[in-house]
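Since every read-out is calculated from the coordinates, none of them should be taken as a lab result. Everything quoted here is computed from the prediction, not taken from an experiment. So basically every Cβ, Gly included, is an ideal-geometry build from the backbone, and we count neighbours across all protein chains shown.
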Amino acid sequence: MRLRLRHDLHSLAGAYALDALDRPAERDRFDRHLSRCPSCAAEVRGFREVATAMAFAVTAEAPAALRPQVLAAAARTRQLPPEVSSHRDHARPQRTRSTLPWIPWLSGAVALASIAVAVFFGLAQSHTQDELNQARAENQALNVVLSAPRVQVLSQVATSGGTAIVVLAAERHALAVVTTGLPALPSGKVYQLWLIGTKKTESAGLLPPAQDGQTPAVLATGVVKGDTLGLTVEPAPGSAQPTTKPIVALPLPV
Amino acid sequence: MNPSDSDASRLESATADRRGERDLDDLLVHVARGDSDAFEAVYDRLVGPVYGVIRRVLRDPSQSEEVTQEVLLEVWRTATRFDPAVGGAATWVMTIAHRRAIDRVRSITASAGREQRTAEVHTPHDEVAEAVEASLDRERVRRCLDGLTEVQRESITLAYYGGYTYRQVADRLKVTLGAIKTRIRDGLIRMRDCLGVS
């Protein structure tokens with residue numbers, strides 16, 4: 001009976017790949033089946049390539065007015081944050097341990113930029129493998145910002161004390177944030193970042209716990225014109241919208 | 001590597017080159033980093049087949065335009081979820097496009113009944129021949145469709161271009177549900193081999 005059921009499901013691979021299943025429930029059921037059946041997933045991939053060829057076979061000229069509309073809409077639309085899995089790659093990252101002894105001799109913006117760059121490149125110390133993996137995942141995400149041809153380094157002193165340092169890659173609509181010297185929070189409270197737009201405010205994630213007074217870099221994507229980067233103190237595990245007055249509100253020159 | 005492997009991979013890479021897929025994967029990875037130039041390039045490369053397939057399924061030009069816009073915006077928004085290891089960029093985008101077109105058809109037919117659309121469906125085989133742009137893909141797909149049995153060909157084209165569920169296809173072709181599932185799958189296996197998809 002069970003075998004028959006599975007055989008029956010498998011025969012749906014073609015209809016599934018053509019989006020021809022009968023009901024959403026049937027699609028969901030097949031989705032679940034796919035996650036457990038690598039050979040079915042491979043078959044569906046092959047069928048989807050057939051479908052792609054069939055789509056190319058009916059290529060048609062889209063209305064010219066569509067192009068500027070889509071491009072303008074994209075410029076206003078935030079991208080989903082990258083899915084960063086810290087378990088995907090357990091290779092030991094190449095890291096140099098350093099406590100940045102030269103920082104004290106630098107001052108002002110240069111020091112801030114140096115801290116930012118140092119932290120971004122992972123020079124801040126991490127000891128456990130978990131921390132290393134986590135840092136590596138963050139570094140991969142940060143390459144988005146750091147590989148940009150032009151970046152701006154911005155900073156603002158928080159009203160609570162401490163400093164937020166932002167590396168902004170305007171062309172990539174992305175930024176990375178580190179902080180230094182923010183007051184430690186009581187348990188049950190977290191620091192949360194926000195992209196405060198002209199129309200709506202979206203969470204840009206929580207600040208990770210500080211190490212030696214610095215928080216590891218956080219990446220935010222989908223930065224659009226008119227956005228301000230905000231930082232608030234929120235009840236754990238974070239809020240859907242800010243519930244307190246921002247301690248940092250940094251307009252972003254995008 | 002035995003001869004058939006190398007044939008298959010040559011065919012595959014010829015296909016990939018013609019559509020510029022390798023390039024396209026790379027472009028989409030850049031789109032995922034918020035690169036708007038890369039997005040423009042992806043748009044230019046894929047808007048034709050995206051609009052084409054949506055138009056084929058939906059028929060109505062203004063609805064097709066609307067869904068095309070939704071799809072391309074979704075490509076921008078979710079490019080961060082594209083994984084080149086799982087499949088090519090063109091396939092990723094076309095899967096989104098077709099699914100969105102189908103979702104729209106299902107919601108239209110749910111509200112308006114299906115009579116109107118049914119009346120508009122021509123012989124599916126001719127639809128391919130009527131494709132607006134002559135292309136190698138068109139010739140290739142047509143040749144491969146010609147290699148199928150009639151029921152395989154009709155069920156695949158009704159499902160993919162016509163937007164019918166396999167149950168509706170079974171009704172139209174007066175074939176049992178079990179047989180339709182099998183015909184679609186067998187037909188796609190033959191198409192896959194004929195097109196040289198790995």
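Relative contact order for the range A:2-57 using alpha-carbon pairs under 8 Å, separation at least 6, rounded to a whole percent? Let's see the in-between values first.
Working: 25 pairs, mean separation 22.4, N = 56.
After rounding, I find 40 percent.
For the range A:149-254, what relative contact order do you get, as a whole percent, if you take Cα pairs closer than 8 Å and at least 6 residues apart?
On the way: 249 pairs, mean separation 28.4, N = 106.
Relative contact order of the range A:149-254: 27 percent.
If the viscosity is 1.567 mPa s and the temperature 4 °C, what translational diffusion coefficient in µm²/s does Stokes-Einstein give for the range B:17-113 when Rh comes from Kirkwood over Cα pairs?
95
Measure off 7 Å from each Cα along the Cα-to-Cβ vector at B:THR149 and A:ARG76, then give the distance between these two points in nanometres to one decimal. My value for the distance between the label points is 5.3 nm.
Label zone (A:SER187, point 7 Å along Cα-to-C-beta; backbone nitrogen cut-off 18 Å) within the range A:212-254: A:234-238.
Based on alpha carbons, the Rg and Dmax found for the range A:173-248 are 12.0, 37 Å.
What is the fewest-to-most order of B:ASP60, A:ASP28 by other Cβ atoms lying within 10 Å of their Cβ?
A:ASP28, B:ASP60
Using a 10 Å cut-off around each Cβ, can you sort A:SER147, A:SER11 from fewest to most neighbouring Cβ atoms?
Going from least to most buried by this count: A:SER147, A:SER11.
Simple spin-label estimate for B:VAL86 and B:THR176 gives 3.6 nm between the two label positions (7 Å along the Cα-to-Cβ direction from each Cα).
Couplings for the range A:17-31, taken from phi via the Karplus curve 6.51 cos²θ - 1.76 cosθ + 1.60 with θ = phi - 60°, read 5, 9, 6, 10, 5, 6, 9, x, 4, 5, 5, 4, 5, 5, 4 Hz in order; Gly and Pro are left as x. Across the range A:209-216, rounded Karplus estimates of 3J(HN,Hα) from the backbone phi angles (6.51 cos²θ - 1.76 cosθ + 1.60, θ = phi - 60°) give x, 6, 10, 6, x, 10, 9, x Hz, Gly and Pro being marked x. Normalised Debye scattering of the range A:2-57 at q = 0.14, 0.24, 0.25 Å⁻¹ gives log10 I(q)/I(0) of -0.36, -0.96, -1.02, counting only Cα atoms as equal scatterers and leaving out solvent. Under the simplified labelling scheme, the A:THR228-A:ASP212 pair shows an inter-label distance of 3.4 nm, with each label point 7 Å from Cα along Cα→Cβ.
With a Förster radius of 56 Å applied to the C-beta separation of B:ARG142 and A:GLN156, the computed FRET efficiency comes to 0.35.
Once the chain from A:ALA236 to A:ALA64 is taken as fully extended at 0.36 nm per residue, the excess over their C-alpha distance is 57.1 nm.
State the extension gain, in nm to one decimal, for the chain segment bounded by A:SER147 and A:ARG36, taking 0.36 nm per residue of separation less the distance between their alpha-carbons.
Numbers: separation 111, 0.36 × 111 = 39.96 nm, distance 3.73 nm.
Roughly 36.2 nm would be gained on extension.
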